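Down below is the structure, laid out as structure tokens.
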Amino acid sequence: MIDSVKSALCASAIALVLSTGAGTAQQLQPEELVAALAPGSAGPMVTTLKSQNALVVDRSAQIPTMFDFPSANVTVGFDENSHLLTAEGMTALRSVAIALQDERLDGQVFQVAGHVVMQNDPNSATRLSSMRATSVVEHLTAYYDIPAERLVSVGYGALAPVDPAVITSPLNTRIEFINLLAQ
């Protein structure tokens, strides 16, 4: 059962990314993001644990893959090997900001997870992914007035690829928004 849920989540994550190439930012419709991030999008394991009041997760740590929180992968443009957002990256975050301001996500807390693959240097990948996640949080709070308490940045490095069969796939370098189901 858990494997089928993981497969379904992986397929939906790949479908949501809609990447146009390495390093290219994307423009998603805010409605798609709201649907993916809404509390009702949680899988059976999270729903069951939450209903039993047994769901305890460290917001500032990497979420174990067994938890099926509502999430959305977004390809955000950054300067090469940098945490500096490109103009395209800022445009991609506009849809995210609109989605996060939607009343259906009001009061929800999101982990902003940076994912970067650097095969020859996993430590640098973790550091860069953390810096990119922090840049996204800073951008959303500064330009769109998203309350800082609603966003927690975490760097995953290459630990949670969307496409593990092709580790260098552009799908694996992304920003993931994970709803931690605060309400």
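The values are calculated or read from the model by the stated rules, or taken from the named source; none is laboratory data. The shown structure was predicted, so the numbers you read here are calculated from the model rather than taken from an experiment. Here the Cβ positions follow ideal geometry from the backbone for every residue, glycine too, while neighbour counts run over all protein chains shown. Protein only, heavy atoms only, side chains kept; ligands, DNA and RNA dropped before computing areas. Shrake-Rupley method; radii C 1.70, N 1.55, O 1.52, S 1.80 Å.
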Next item on the list: Just give me the residues in region 138-157 being among the aliphatic types (A, V, I, L, M) and surrounded by 20 or more Cβ atoms within 10 Å (Cβ to Cβ), in sequence order.
Entry: Leu140, Leu151, Val154
Margin query: Looking only at region 76-110, count every residue that is over 17 Å from the mean Cα position of the chain (by Cα), charged (D, E, K, R) and assigned to a helix (DSSP H, G or I) and tell me the total.
Written below: 3
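Just to be sure, is Ser169 buried (at least 20 other Cβ atoms within 10 Å of the Cβ) and either within 18 Å of Asp106 (Cβ to Cβ) or under 17 Å from the mean Cα position of the chain (by Cα) (or both)?
Working: buried (at least 20 other Cβ atoms within 10 Å of the Cβ): no; either within 18 Å of Asp106 (Cβ to Cβ) or under 17 Å from the mean Cα position of the chain (by Cα) (or both): yes.
Taking the combined requirement at face value, the residue does not satisfy it.
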Next item on the list: Just one of (1) among the hydroxyl-bearing types (Ser, Thr, Tyr); (2) within 24 Å of Glu32 (Cα to Cα); (3) in a helix (DSSP H, G or I) trips up Ser153, so point out which.
Entry: (3)
Note to self: Just to be sure I understand, how many residues within region 110-134 are within 19 Å of Ser71 (Cβ to Cβ), open to solvent by 10 Å² or more (accessible area, probe 1.4 Å) and modelled with pLDDT of 95 or more?
What the structure shows: 3
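Evaluate the following for Leu100: is it surrounded by fewer than 23 Cβ atoms within 10 Å (Cβ to Cβ) and not small (Gly, Ala, Ser)?
Working: surrounded by fewer than 23 Cβ atoms within 10 Å (Cβ to Cβ): no; not small (Gly, Ala, Ser): yes.
In short, no.
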